[in-house]
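Reviewing the structure listed below.
The values are calculated or read from the model by the stated rules, or taken from the named source; none is laboratory data. This one's a predicted model, so the numbers in the text were calculated from it and none came from an experiment. Every residue, glycine as well, gets a Cβ built from its backbone with ideal geometry; the counts of neighbours run over all protein chains shown.
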Amino acid sequence: MTKSEFSLAFNEVLEEKQLSKDVILGAIESAMISAYRRAVNASSAQHVEAKVDSETGKVMIFAEKEVVEDVQEQKTEVTLADARRVNPEAQLGDMVIVETTPDDFGRVAAQTARQVIQQRIREAERSNQMVYFERQMGEIVSGVVQAINNQGVTVGLDMKAEGVMPNNQKIPGERLKLHDRVRAVVLEVKDASRGPQIILSRAHRNFLRRLLENEVPEIYHGIVEIRAIAREPGARAKVAVSATQQGVDPVGACVGIKGVRIQAIVKELHDEKIDIIQWDVDPVIYISKAISPARVSGVYLNEADGARTATVVVQEDQLSLAIGRDGQNARLAAKLTGWRIDIKSLIEAAGDALHKYTSDASLAAMLPSLAEMAPQIAESLAKKAENRPITPEEYSSLTQFVDRVERRTSQIKEEAVRAEEEKVTAARADVPAAAFQMPLDQIGLKEHVFNILTEAGYETVGHLLMAFKTDSNKVLGLPGVGPKAMANIEEVLASLTFPEPEPEPEPAPVAEPEATAASAVEATEAVAVTAVATEETPASEKPAKPSKAKPGEETESEFAKDGVSLDELFSMKPEIFTATDATDEEARDQKKGKKGKKKNVELEFDEKLGEVVGRKRHKRGDEGWTEE
């Protein structure tokens, strides 16, 4: 094969398989090695290399051989002279890699290595497909319908890959035909023996999310954010959106001018109805909008039982619209908001509220103003039961009555939950922290009692003590727990002792940074100045205030008057200064003629503390001066 023919064929393979040059050359070289081993029956333990010239197509085989004097096995031995052509330092017994391309190897290799080359190229294609479509997870891809069967639809994708859309991932009612171009989201990519198995979906809510991102630039750029999506494919979907910038209408941005943006998505989803609502941080407002297109009279939340239940009250003419066909609207609203939604008509809600008010004395005591309304509410409900007309004023009274009763009931439940939390907190404070580190299997409970408590979720002594302090009936009500078991539990708990918690160590004082030599000298000299001023200047002769000097002029201080210049003062050694410390009382005594007692103070710079400290000196008879 000439150079041009090989280059043309090589480039054609690169373009057709969409693989890199190194991958194709690697596959050819691996196939040549396999062909060589098969042609000369070489051992798999022998190291063999192949080199292919991408310009000329020439194949060269290199094999590892032992250097010997006389060659007896051409496949594994080479003479010293031939070995030194490759490695001039080769010696007898060494292993060298020399060229050993058989004669007419190109024709033999072409016949024997064709299947190996194809296999390696297929493996490289599958690997590239796997990497490419793993990156496309959750993104929209486009393809052509290649086959339709009972299991689903086969779609031809990029890089000669095939995707499968199961029947449960198709939009109900949509009929696809051969050679139709469809768009779908990549739901899952699995590695299979025949290549990557790509699962596509048009029914998943992420397909609607990606369509909105493609059609609405504000969503793609993050100006409008999709908060939640609830979807029943082919029928209806609800999307909650919010704006991240002031002045942007998120619903209007998604709908577009004259609905052009949303209509393009509806057409792609086989005429699926889409409700775009504005997300709100207030769950009452959010749920009210999620029930749209029905108008809501009131929303009342109940989180006391942890179920997050919302009671939605609507007018009678809005009840069917709020529930939707087969409850579809209510289901989608519940999925969108994450609340369990109970929809009631105003008449039904008024009947329940009247029953709560009349049967609960504490509730009636909290709402005394409704005592006069209750008979009117009962009369209105009776008229409705007899199919007699109700006036708008009566409807308004019903709405007001339901609102006040439901709100007060919600407050009572919230207060009960808050009281229970406070009770648990107080009980937790009485239980030692060490109890929560002590397992139940180490305190000597009977085996069957231990098994019952473990199955009930009590893992440590602390959890068991918490149950006893909050409500001991919880433990007594467990299946298999009787008086004997309770006596065993109480006896074991009473015998337990817990170590006293170690007091927390006081925080160590923060050490001040060590002062530099210059700063220490300045601090000591400043104290010395004060000391000299106190000792040398009488109380009756106070120094005059320093006059303001012009820049560049020096002011005369009281030290200069006494014969001590500033230069001499700051040239003193900073280690030790002796001064007389006179208090205010001694100064007053001196004014009155009393003899003030002088206190001798010695100032030193303490290197450990990094500051100047004062030490008092006293003279005790003949013993001389002593320090304190």
- Item | Those residues of the range 435-445 which are part of a helix (DSSP H, G or I) and crowded, with 16+ Cβ neighbours inside 10 Å, in sequence order | A435, L440
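Can you pull out the helices (runs of 4 or more DSSP H) entirely within the range 330-424 that have at least 3 residues that are within 30 Å of Q278 (Cβ to Cβ)? Working first, answer last.
Details: elements: 346-359, 361-366, 373-385.
In the range 330-424, 346-359 are the helices (runs of 4 or more DSSP H) which contain 3 or more residues that are within 30 Å of Q278 (Cβ to Cβ).
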- Task: State whether one or more residues within the range 139-158 are among the hydrophobic types (A, V, I, L, M, F, W, C), within 23 Å of D22 (Cα to Cα) and surrounded by 14 or more Cβ atoms within 10 Å (Cβ to Cβ).
- Result: no
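Condition check ((1) touching a His at 6+ places or on another chain (Cβ under 8 Å); (2) within 30 Å of T409 (Cα to Cα); (3) at pLDDT 95 or above) across all residues:
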position: G234; (1), (2), (3): yes, no, no
position: K238; (1), (2), (3): no, no, yes
position: V241; (1), (2), (3): no, no, yes
position: G256; (1), (2), (3): no, no, no
position: V260; (1), (2), (3): no, no, no
position: I287; (1), (2), (3): no, yes, yes
position: R295; (1), (2), (3): no, yes, no
position: L301; (1), (2), (3): no, yes, no
position: G306; (1), (2), (3): no, yes, no
- Message: Tell me yes or no: at least one residue of the range 51-63 is without any contact (Cβ under 8 Å) to a residue 24 or more places away in the chain, outside the structural domain of A184 (by TED's automatic domain parsing), surrounded by 15 or more Cβ atoms within 10 Å (Cβ to Cβ) and among the hydrophobic types (A, V, I, L, M, F, W, C).
- Response: no
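Taking the range 52-93 as the search range and keeping residues that are small (G, A, S) and outside any helix (DSSP H, G or I), which one is modelled with the highest pLDDT?
Of everything passing the filter in the range 52-93, A63 is modelled with the highest pLDDT.
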- Selection count where residues are hydrophobic (A, V, I, L, M, F, W, C), over 16 Å from N488 (Cα atoms) and in a helix (DSSP H, G or I), scope the range 446-475: 1
- Task: Spot the failing condition for Q318; the list is (1) among the polar types (S, T, N, Q); (2) surrounded by fewer than 17 Cβ atoms within 10 Å (Cβ to Cβ); (3) free of Cβ contacts under 8 Å to residues at least 60 places away in the same chain, and only one is missed.
- Result: (2)
- Query: Scanning the range 159-203 for residues that are under 19 Å from P233 (Cβ atoms) and of a type in the set (S, T, N, Q), which turns out surrounded by the fewest Cβ atoms within 10 Å (Cβ to Cβ)?
  - Reply: N168
